[in-house]
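Working notes for the structure below.
The values are calculated or read from the model by the stated rules, or taken from the named source; none is laboratory data. The model shown is predicted, which means the values in this text are computed figures rather than measured ones. In this analysis, Cβ positions are derived from the backbone assuming ideal geometry, glycine residues included, and neighbour counts consider all displayed protein chains. Just the protein is used for accessible areas: all its heavy atoms, side chains included, with ligands, DNA and RNA removed. Shrake-Rupley method; radii C 1.70, N 1.55, O 1.52, S 1.80 Å.
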Amino acid sequence: LGPFAELLNYRFSVPALNGREVPGKVFVKDALQLTGVEMSYNCFPPGFSMPFLHAHRDNEEVYLFLSGQGEFMVDGEAFAVSEGSVVRVAPGGSRAYRNTGEAPMYFIVLQVKHGSEPASGIADGVPMGKPEWPAG
Ligand code: ZN
């Protein structure tokens with residue numbers, strides 16, 4: 001992806017806006033061949049606001065705020081978000097968010113099928129012994 005500061009070079013075509021291109025959003029599911037999660041990296045410049053509300057059919061979403069200052073709204077209730085904020089929204093939640101700060105707002109969004117219930121914590125991990133790093 002490159003440095004976060006270059007995320008605005010990515011453009012996402014929004015079907016709900018008749019294909020209008022929005023800068024600063026890149027989905028990585030296909031590039032990483034992910035099969036259990038959709039994931040996007042996002043940058044909202046200062047003053048940028050989601051131009052529409054949206055919900056999901058099957059996926060819950062987790063928003064991981066990395067830097068910047070913003071506001072998040074779910075079902076008409078708004079709250080502040082900033083570095084370290086983690087927001088989970090159920091599929092049917094009507095959501096929008098905006099950058100209210102002076103700097104770019106960086107965040108990652110995960111979409112996971114609601115109710116898929118992956119193993120918690122390290123429960124799915126399998127010990128494989130000590131790592132042997134290749135010389136280099
Ligand atoms: Zn969404």
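Quick look at the values:
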quantity: Theoretical gain in end-to-end length, Gln33 to Leu66 [0.36 nm per residue, Cα-Cα removed]; calculated: 9.5 nm
quantity: For the chain, size of Cβ-based charge dipole, Lys and Arg +1, Asp and Glu -1, in debye; calculated: 240
quantity: Heavy-atom surface of the chain, accessible at 1.4 Å and reported per residue (Å²); calculated: 66
quantity: 5 angstrom amide H check on Ser67, placed H, neighbours 5+ away; calculated: Tyr106
quantity: For Lys29, solvent-accessible area (1.4 Å; no DNA, RNA or ligand), Å²; calculated: 70
quantity: Separation in nanometres of the label points that stand 7 Å from Cα toward Cβ, at Ala103 and Trp133; calculated: 3.0
quantity: Under 5 Å, built H, 5+ apart or other chain: amide partners of Val81; calculated: Gly70, Glu71, Phe72
quantity: Sequence-distant residues sharing a close amide H with Ala96 (under 5 Å, placed H); calculated: Met73
quantity: Expected 222 nm ellipticity per residue - DSSP helices of 4 or more, -39500 (n - 2.57), all of the chain, to 500; calculated: -500 deg cm²/dmol
quantity: Whole-number D in µm² s⁻¹ for the chain, Kirkwood Cα-pair radius fed into Stokes-Einstein, 25 °C, 0.890 mPa s; calculated: 148
